[in-house]
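Let me begin by presenting the structure, written as C-alpha cells, before commenting on it.
The values are calculated or read from the model by the stated rules, or taken from the named source; none is laboratory data. For clarity, every value in this text was computed on a predicted model and none was experimentally measured. Methodologically, a virtual Cβ is constructed for each residue, glycine included, from the backbone with ideal geometry; neighbour enumeration extends over all protein chains shown.
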Amino acid sequence: MSIDLDGAVEEAYPEMIRLRRDIHRRPELAFLEVRTASLVADRLRALGLEVKTGLSKTGVVGLLKGEGDGKTLLIRADMDALPIDESSALDFSSQNPGAMHA
C-alpha cells in the first residue's frame with residue numbers, strides 16, 4: 001500500500017492548526033483536562049484506533065495494532081497546562097485565567 005504522506009499532511013494541516021489553537025484557548029491544569037482528553041480520544045477514534053480513557057483520571061491511550069508480531073512503539077505527549085496567566089495578545093491566547101500552554 002502506498003500513501004501520499006505529503007498530500008495527507010497538507011490536507012490535514014488546517015484542521016490540525018484549528019484543533020491546536022482551540023486547545024490553547026481552553027487550557028486545563030493537570031488532572032482536570034476533561035475537555036482536552038475528550039478531544040484527543042475522539043480524534044484517535046476517528047483515526048480507527050482502539051482508545052482507552054480515564055487512566056490516572058484524564059489519561060488517554062490510543063492503540064494501533066499491526067498485522068503481525070513485532071516491536072512496540074510508544075509516543076507520549078503532555079496535554080496539561082501550566083498554572084500561570086498568559087500575557088500574549090494572540091488570537092488563540094488562553095481564555096482560562098491562571099492557566100496556559102507554554
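Brief remarks on what is shown
- Leading residue by the ranking (nearest to R18 (Cα to Cα)) among those in the stretch 48-102 that are of a type outside the set (S, T, N, Q) and in contact with a helix residue (DSSP H, G or I) (Cβ under 6 Å, 6 or more places away or on another chain): F92
- Listed conditions (1) within 16 Å of A102 (Cβ to Cβ); (2) at pLDDT 95 or above are all met by A77, apart from (2).
- In the stretch 14-34, the residues that are on the phi < 0 side of the Ramachandran plot reach residues that are in a helix (DSSP H, G or I) and surrounded by fewer than 18 Cβ atoms within 10 Å (Cβ to Cβ) with C-beta atoms within less than 8 angstrom, at least six apart or across chains, in these pairs: L19/L39; L19/R43; D22/L39; I23/L39; R26/R35; E28/V34; E28/R35.
- Matching entry among S38, S87, S56 (being among the hydroxyl-bearing types (S, T, Y) and modelled with pLDDT of 95 or more): S38
Okay, residues lined up against (1) among the aromatic types (F, W, Y); (2) closer than 30 Å to A8 by Cα:
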position	(1), (2)
R20	no, yes
F31	yes, no
D42	no, yes
V51	no, yes
G62	no, yes
D78	no, yes
E86	no, no
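- The set of residues in the stretch 1-15 being modelled with pLDDT under 95 and either exposed (fewer than 10 other Cβ atoms within 10 Å of the Cβ) or touching a Lys or Arg at 6+ places or on another chain (Cβ under 7 Å) (or both) consists of M1, S2, I3, D4, L5, D6, G7.
- Only residues that are in contact with a strand residue (DSSP E or B) (Cβ under 6 Å, 6 or more places away or on another chain) and either of a type in the set (A, V, I, L, M, F, W, C) or surrounded by fewer than 14 Cβ atoms within 10 Å (Cβ to Cβ) (or both) were counted across the stretch 17-52, and they come to 10.
- Filtered by the rule that a residue be in contact (Cβ under 8 Å) with a residue 60 or more places away in the chain and either of a type outside the set (G, A, S) or surrounded by fewer than 10 Cβ atoms within 10 Å (Cβ to Cβ) (or both), the stretch 65-102 gives D91, F92, Q95, N96, M100, H101.
- Any chance I17 is under 17 Å from G98 (Cα atoms) and outside any loop (DSSP other than H, G, I, E, B): no
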